[in-house]
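The values are calculated or read from the model by the stated rules, or taken from the named source; none is laboratory data. Computed from a predicted structure; not experimentally measured. Cβ sites come from the backbone with ideal geometry, for glycine too, and all protein chains shown count toward neighbours. Each accessible area value is taken on the protein alone, full model and side chains, heavy atoms only, with ligands, DNA and RNA left out. Shrake-Rupley method; radii C 1.70, N 1.55, O 1.52, S 1.80 Å.
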Amino acid sequence: MIENQIKEIALNEILTPTFELTRQYLKVNPLVFIDGNPMIEDIVIDFESKTAEVYFPILDEEFYFVIYLDIEPEISIRIMNMSAGSRVYFSISSKTLNYEEIVKDFTFQPTRSWKKGELIPRRNIEKYYEASGFMFEPNSKKTGEVEKKVKYLLQLLHPFQNEMNKFEDDTIFEIQVCYYGYKEQMWGIHLEKDILKRLCELNLSLDIDLYASGADLDHS
């Protein structure tokens, strides 16, 4: 199976590095190991572009060391780098509508919901929700490109465009992005025109939180 071959080649590079980039990154960014083996968080295979990506989580961090491979004419490593972890989700909230009124026109299952007046959990002080609403995160993986996650989420929301446009002005619609990058290699986020157009059509605002962390690279 091609996935097993990809996995084997990527693991060999981790255990016995042949690229200077692998040695440089992993010298200061230890990977997560399970039972003595490097943990693989995700393997993404794109048969159209004939490429693959293998994601290794970094210990105590939210970003990844990624090995990129060509899968034709034979499986071989092309390059490696650090890739940001990310979360992308849709949220809606209203101070005047109750939760049932907000959710009734959406057919997908909210990932998390809250109601006005409920106690906000996991807070050091007693605080209550001032609005009702929910969040929807169709892809819970932190691996993968932010732009693809945003585009996929907008595709899922598109059938509800008419319903969303019927809400009162006080209802807040948002796409929220959490970007967990390696401070030595922050690639940023690129949104193409079709994504911006779809955001406008759905009357969505975009909130992006950027987090940078990780160890300094050793350039000696």
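Just a few scattered comments:
- Translational D in µm²/s for the stretch 1-61 (Stokes-Einstein at 37 °C, 0.692 mPa s, Kirkwood Rh from C-alpha pairs): 263 µm²/s
- Measuring nothing but protein heavy atoms, the accessible surface of the stretch 67-220 at 1.4 Å probe radius is 47 percent carbon and sulfur.
- 18 Å Cα-Cα reach of Lys50 towards lysines, excluding residues that sit fewer than 8 places from it in its own chain: Lys7, Lys148
- Calculated diffusion of the stretch 167-220, Stokes-Einstein form, Kirkwood radius summed over Cα pairs, 20 °C and 1.002 mPa s, µm²/s: 156 µm²/s
- Simple Cβ-charge dipole of the stretch 1-86, Lys/Arg +1 and Asp/Glu -1, about Cα centre, in debye nearest 20: 300 debye
- Cα-based Lys proximity count in the stretch 64-146, under 17 Å, for pairs eight or more positions apart or on separate chains: 8
- In a reduced charge model with +1 at each Lys and Arg Cβ and -1 at each Asp and Glu Cβ, the stretch 64-194 shows a dipole moment near 480 debye about its Cα centre.
- Cβ-placed point charges (K, R +1; D, E -1), dipole of the stretch 64-117 about Cα centre in debye, nearest 20: 560 debye
- Efficiency of FRET between Ile9 and His190 - r from beta-carbon atoms, R0 30 angstrom, step 0.05: 0.55
- Pairwise FRET efficiency - Asp207 versus Ser49, Cβ, R0 = 41 Å, nearest 0.05: 0.85
- Estimated translational diffusion coefficient (Stokes-Einstein, Kirkwood radius over Cα pairs, 25 °C, 0.890 mPa s) of the chain: 124 µm² per second.
- Using just its DSSP H runs of length 4 or more, each adding -39500 (n - 2.57), the chain gives a mean residue ellipticity at 222 nm of -7000 deg cm²/dmol after division by all residues.
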